[in-house]
Amino acid sequence: MPYFTKDTSQYFHEETPKVSVLGGDPWGTAHKIGAEVPHSGIYRCTGCGDEITSNKGDKFPPQNSHQHNVLAGVAWKLVARTKTK
Ligand SMILES: [Zn+2]
């Protein structure tokens, strides 16, 4: 879970996920290891809960990038989207 202080909480804004039949919801998608990062931000491993920061256009880390507690279901889900120009 990302941490922040009372002072830095002013920079967090709650976003309502956009549901679309065309997909593209940045919040509900689990991204495979090695896939291209669609949005800059903080991502959480669905296998072990580890968190990473990734920039749009980079690749998600490979499976051996860290020790997973659970072998099944390793994927990356967006936790906090950053406003990056
Ligand atoms: Zn993991």
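The values are calculated or read from the model by the stated rules, or taken from the named source; none is laboratory data. Given the structure is predicted, the values throughout are model-derived calculations rather than measurements. With ideal geometry, Cβ positions are generated from the backbone for all residues, glycine too; neighbour counts draw on all protein chains shown. Each accessible area value is taken on the protein alone, full model and side chains, heavy atoms only, with ligands, DNA and RNA left out. Shrake-Rupley method; radii C 1.70, N 1.55, O 1.52, S 1.80 Å.
Observations
- Distance between modelled label sites at Lys59 and Ile33, nm, 7 Å Cα→Cβ extension: 1.2 nm
- Fluctuation leader among Glu51, Glu14, Glu36 - the chain, Gaussian network, Cα springs under 10 angstrom: Glu14
- Counting protein heavy atoms only, the chain has 54 percent of its accessible area on carbon and sulfur, 1.4 angstrom probe.
- Estimated distance in nm for a label pair at His13 and Ile42, the labels positioned 7 Å out from Cα along Cα-to-Cβ: 1.8 nm
- Applied to the stretch 8-17, the Karplus parametrisation 6.51 cos²θ - 1.76 cosθ + 1.60 on θ = phi - 60° returns per-residue 3J(HN,Hα) values of 7, 5, 5, 8, 9, 10, 6, 10, 8, x Hz, with x for Gly and Pro.
- For Lys77, the aspartates and glutamates whose Cα falls under 19 Å of its own Cα, not counting residues fewer than eight places away in the same chain, are Glu14, Glu15, Asp25, Glu36, Asp50, Glu51, Asp58.
- A Cβ-based charge dipole, computed about the Cα centre of the stretch 24-85 with Lys and Arg at +1 and Asp and Glu at -1, lands at about 220 debye.
- Take the stretch 24-85 with all the other protein chains still there, run a 1.4 Å probe, and you get 63 Å² of accessible area per residue.
- Nonlocal amide H pairs with His31, under 5 Å, H built at 1.01 Å: Trp76, Lys77
- Estimated distance in nm for a label pair at Lys6 and Thr82, the labels positioned 7 Å out from Cα along Cα-to-Cβ: 2.7 nm
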